[in-house]
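A quick write-up on the structure given underneath.
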Amino acid sequence: MVNAIFDFHLSPWELVLRGSLIYWFLFLLFRFILRRDAGSMGLADILMVVLIADAAQNGMSGEYKTVSEALVLVGTIAFWNYAIDWLSFRSPAFARFAEPSVVPLVRHGRVLAANLKRQLLTVDELKSQLRENGVESIREVKHAFLESDGHVSVIKFSPSEQQRKKEGIPGAG
């Protein structure tokens, strides 16, 4: 019974070959075709990575009859990811469909509670993101946005705007 756990269903050399072929195919695919900045993964990119991981795993473990089947499936997934990026670049209407819109979280030092609630963010999570952007108090923030990649971007009041705000001058925020 214990031996069945360690038995090979495929030759170890076949597994090495399968793993090597899948590895190099994915390496070339990501290196030359699907080049991205590490911090700019969108929803389609995450979906593609999950699907490729599953397809590659099946190709390496032998769930498919041939490595070629895994390569075709991974190539198909990569094609659709590229097609979505291309369509988003070429068509603003499709981009609005494919990419989440930017959501304002703070305007002129005031938290937009309805937007936080819609995004399921707490004020403490927002404050944490602001601290990561070098902001000590929400009152310092002219605008803060939840970007389509999930990061919070922050625009602080300029020093002159902060001074006018302290002095109560109209139009200071």
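The distance between label points at LEU21 and LEU112 comes to 5.2 nm (points 7 Å beyond Cα on the Cα→Cβ vector). All Cα-Cα distances of the range 103-167, cut into 5 Å bins from zero to the largest, leave 4, 19, 32, 25, 12, 6, 2, 0 percent in each bin in turn. In terms of packing, defined here as the mean over residues of other Cβ atoms within 10 angstrom, the peptides 131-139, 82-90 line up highest first as 82-90, 131-139.
The label point for VAL102 and the one for TYR82, both projected 7 Å from the Cα toward the Cβ, are 3.0 nm apart. Computed extension gain for SER91 through THR122, at 0.36 nm per residue and net of the alpha carbon distance, reaches 7.8 nm.
Each reported figure results from applying straightforward, stated rules to the coordinates on display, with no laboratory input. Source: prediction; values computed, not measured. Note that we place each Cβ from the backbone using ideal geometry, even for glycine, and neighbour counts take in every protein chain shown.
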